[in-house]
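Only one structure is covered here, and it is reproduced in the block below.
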Amino acid sequence: MFREHPPQGNKSESLRLQVAPIFSIFIDAYHGATFFQQSARSVLDQSYTNFELIIVNNGALYEVSQEIDKIAKADERVRVINFKINQFTWDDPHIVVDKCWNAALRAARGEYIFHLSYDDFLSPNFLERMIALFDENPRCTSASGMMEGVDIHGNVIAPVKDEKPMRPKFMAGHKLALDTLKGGGMLVAAGDIFVVRTKDLINGGGYHRAIEDSILFGIIPFGETGFDSTAKLYWRRHEEQLNKQLNAAGWLGYIDYTKSLIKEWCIEEKWQQFGGDLAKHVAYQLLKKEWHTAGAQAAANLSEINVLGFYRMAYVAGLNRFFWRTFLQQLWLKRRQLASCVLKKLGLHEFFIRLLKSKNS
């Protein structure tokens with residue numbers, strides 16, 4: 001796969017880029033023009049230049065559409081896919097994955113593909129370090145860097161120390177997936193932090209609504225996975241994050257997404273190569289993991305006196321024992337936060353603070 005228009009420069013550099021693999025990276029954009037601008041710029045400023053940036057205009061707001069047009073006109077490596085109507089509903093928020101992400105996948109010309117959120121951004125060496133991992137190890141079918149959280153202004157919240165790598169440079173993909181399933185520390189980031197081979201993703205079924213689990217348990221296990229902590233993905237934390245809004249609303253649609261993934265991608269069948277018992281364990285634990293996540297979020301909602309969000313989750317969970325076990329454990333850990341929120345709701349928080357201070361004086 002060669003780039004159609006190599007950049008101008010000396011002949012040796014042009015020849016090098018013509019034989020270098022194209023890297024496809026895509027961003028789907030709807031709102032957040034300032035965030036999107038930084039995200040796109042972090043791609044265009046990469047030290048590895050043989051890439052294509054696919055921007056999916058998901059029925060974007062006017063200022064975002066203007067920014068997309070500006071970027072596309074300024075750089076021939078940018079391609080745009082337009083959706084006239086925004087692909088999103090609160091009942092099925094990950095329809096954007098099925099529609100927009102897979103549209104980008106079908107259009108991708110690169111050997112490798114990566115999705116970058118509109119509000120995240122990359123270190124300048126990200127693509128270069130990812131390509132280096134694939135080049136070094138022919139058995140490597142996926143690769144990732146280090147994720148670091150940043151605030152709304154893009155400032156790193158807590159730098160990750162590199163004294164002890166979280167995992168080896170290369171390891172069996174299924175071992176990383178299993179470590180994550182049992183709550184190990186080899187992967188502290190979401191499953192969609194991974195760069196994968198485009199053909200593997202297409203053959204695997206494309207992007208699935210169960211974004212992270214589909215990559216981590218449906219693609220990565222069947223090859224070696226690479227890791228370079230010097231390549232950074234900066235994950236922006238802010239109040240408009242979709243996952244925060246969905247959690248607060250008590251949305252548990254990801255349970256159905258996971259059920260769909262296990263069935264449609266034949267997860268248990270694919271994992272048979274690692275042993276029948278292990279294959280059953282993975283399929284079972286995948287769904288169990290999601291119920292534990294739901295229970296923890298329900299506890300977070302109730303501890304913040306978000307009764308409606310808690311009720312919606314509890315209603316969907318019914319008598320699921322994994323949900324309620326985790327809920328009770330997490331609510332106990334958040335008991336002080338719950339008490340504080342209750343007192344604030346009743347207007348008694350300041351009174352109790354003064355009372356405690358008077359007793360301690």
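Here, each number is a calculation from the coordinates, and none is a lab measurement. A quick note: this is a predicted structure, and the numbers were derived from the prediction, not measured. Cβ coordinates were reconstructed from backbone atoms using ideal geometry, including for glycine residues, and neighbour counts include every protein chain displayed.
Filter the trypsin sites (Lys or Arg not before Pro) in the range 91-166 to those in DSSP coil with at most 13 other Cβ atoms within 10 Å of their Cβ, and list the result.
Taking the range 91-166 and a limit of 13 other Cβ atoms within 10 Å, the loop trypsin sites (Lys or Arg not before Pro) found are Arg139, Lys161.
Can you give the angle from 0 to 90° between the axis of helix 126-136 and the longest principal axis of the chain, with both taken from C-alpha atoms, to the nearest 10?
70
Out of Ile215, Leu178, Phe121, whose Cα points farthest toward the positive end of the dipole of the chain (charges: +1 Lys, Arg; -1 Asp, Glu; placed on Cβ)?
Positive-end residue among those listed: Leu178.
Taking 0.36 nm per residue of sequence separation and subtracting the Cα-Cα distance, how much length would be gained by fully extending the chain between Arg41 and Glu148, in nm to one decimal?
Additional length available on full extension: 36.7 nm.
Among Met146, Met166, what is the fewest-to-most ranking by other Cβ atoms within 10 Å? Write out the running numbers ahead of the final one.
Working: Met146 21, Met166 17.
In increasing order of surrounding Cβ atoms, one gets Met166, Met146.
Between Val342 and Lys288, what's the calculated FRET efficiency when r is the beta-carbon distance and R0 is 25 Å? Round to 0.05.
0.20
Could you work out how far the C-alpha centroid of the range 301-340 sits from that of the range 210-242, in angstrom?
Value for the Cα centre distance between the two parts: 27 Å.
Relative to the longest principal Cα axis of the chain, at what angle does helix 335-345 sit, 0 to 90 degrees, rounded to 10?
Long axis of 335-345 versus the principal axis of the chain: about 70 degrees.
Can you give the net charge of the other residues whose Cβ lies under 13 Å from the Cβ of Arg236, counting K and R as +1 and D and E as -1?
Spelling it out: positives minus negatives among the neighbours equals -3.
Report D for the range 264-345 in µm² per second (integer): Stokes-Einstein, Kirkwood Rh on Cα pairs, 25 °C, 0.890 mPa s.
Diffusion coefficient, whole number: 173 µm²/s.
If you count the DSSP beta bridges with both ends in the chain, what percent of them are antiparallel, to the nearest 5?
30
Among all stretches of the chain without exposed GluC sites (Glu not before Pro) (DSSP loop, at most 14 other Cβ atoms within 10 Å), which one is longest?
With GluC sites (Glu not before Pro) excluded where exposed in loops, the chain gives 241-361 as its longest stretch.
Roughly speaking, what is the stretch gain from Ile157 to Gln241, that is 0.36 nm per residue apart minus the C-alpha to C-alpha distance, in nm to one decimal?
28.6 nm is the gain from fully extending Ile157 to Gln241.
For the chain, take N as its residue count and report Rg(C-alpha) divided by 2.2 N^0.38 Å. Intermediate values should be presented prior to the final figure.
Working: Rg = 22.4 Å, N = 361, 2.2 N^0.38 = 20.6 Å.
Here the answer is 1.09, to two decimals.
Can you list the residues of the range 180-217 with backbone N under 12 Å from a point 7 Å past the Cα of His31, pointing along Cα to Cβ?
Correct set: none at all.
Gaussian network model of the chain, Cα springs within a sub-10 Å range: biggest mean-square fluctuation belongs to which of Leu246, Leu333, Leu122?
Per the Cα network of the chain with a 10 Å cutoff, Leu333 tops the list.
At a 10 Å Cβ-Cβ cut-off, how would you order Ser39, Ser260, Ser47, fewest neighbours first?
Result, fewest neighbours first: Ser47, Ser260, Ser39.
Can you put Cys140, Cys266, Cys100, Cys341 in order of Cβ neighbours within 10 angstrom, beginning with the fewest?
Sorted ascending by nearby Cβ count, the order is Cys266, Cys341, Cys140, Cys100.
Which one, Ile152, His31, Ala103, is farthest towards the positive end of the dipole of the range 25-175 when Lys and Arg carry +1 and Asp and Glu -1 on their Cβ?
My answer, from the dipole projection, is Ala103.
In the neighborhood of Ser47, defined by Cβ-to-Cβ distances under 10 Å, what is the net charge if each Lys or Arg adds +1 and each Asp or Glu adds -1?
-1
Counting helices only, and only those DSSP H runs with n ≥ 4, report the 222 nm mean residue ellipticity of the chain as the sum of -39,500 (n - 2.57) divided by its residues, in deg cm²/dmol to the nearest 500.
It comes out at -14500 deg cm²/dmol, rounded to the nearest 500.
First select every other residue whose beta carbon is under 14 angstrom from the beta carbon of Ala104; then total the charges, Lys and Arg +1, Asp and Glu -1.
Net charge in that neighbourhood comes out at 0.
Which of Val307, Leu319, Ala283 sits closest to the plus end of the dipole of the range 264-345, meaning its Cα is farthest towards the positive end, when Lys and Arg get +1 and Asp and Glu get -1 on the C-beta?
Val307
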